[in-house]
Amino acid sequence: MLLSALIVATTLAQTPAPPMRVAIHDIDFNRREDVTRFLQRTRAASRAYCARHVEVVTPDRLATRGVCEKGMTGLAFDALPDHARESLIRSGQSRRFK
């Protein structure tokens with residue numbers, strides 16, 4: 001019984017997690033309040049995502065979910081459309097995502 005449980009856990013850990021999604025349709029990246037709202041959404045999505053998928057995202061750091069959350073927040077920034085990312089870089093707010 002223990003062996004089958006370990007095999008299932010190993011198989012699940014190798015399964016890729018679905019992409020994390022954060023809504024940006026109502027965000028104007030030139031407005032500080034909207035950037036703050038996007039950051040809050042991203043952090044909340046990262047917490048929820050890592051609560052479900054930490055074993056896939058950071059399998060070597062299972063006890064430190066914060067590593068997963070920080071990494072997913074950075075990936076959300078990297079996945080932004082060019083114009084949004086450039087606006088955050090120009091305004092100096094990109095560091096909030098790293």
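Rounded to 0.05, the FRET efficiency of the ASP60 and ARG31 pair, given R0 = 35 Å and the Cβ-Cβ distance, is 0.35.
Length gain on complete extension for the stretch SER94 to ALA44, per 0.36 nm per residue less the alpha carbon to alpha carbon distance? 16.2 nm is the gain from fully extending SER94 to ALA44. Local charge for GLU69 was computed over the other residues whose Cβ lies under 9 Å away, with Lys and Arg +1 and Asp and Glu -1, and equals +4.
Laboratory data are not the source of any read-out in this text; all were calculated from the coordinates shown. Just so you know, these numbers come straight off a predicted model, no measurement behind them. Glycine gets a Cβ as well: all are built from the backbone with ideal geometry, and neighbour counts include every protein chain shown.
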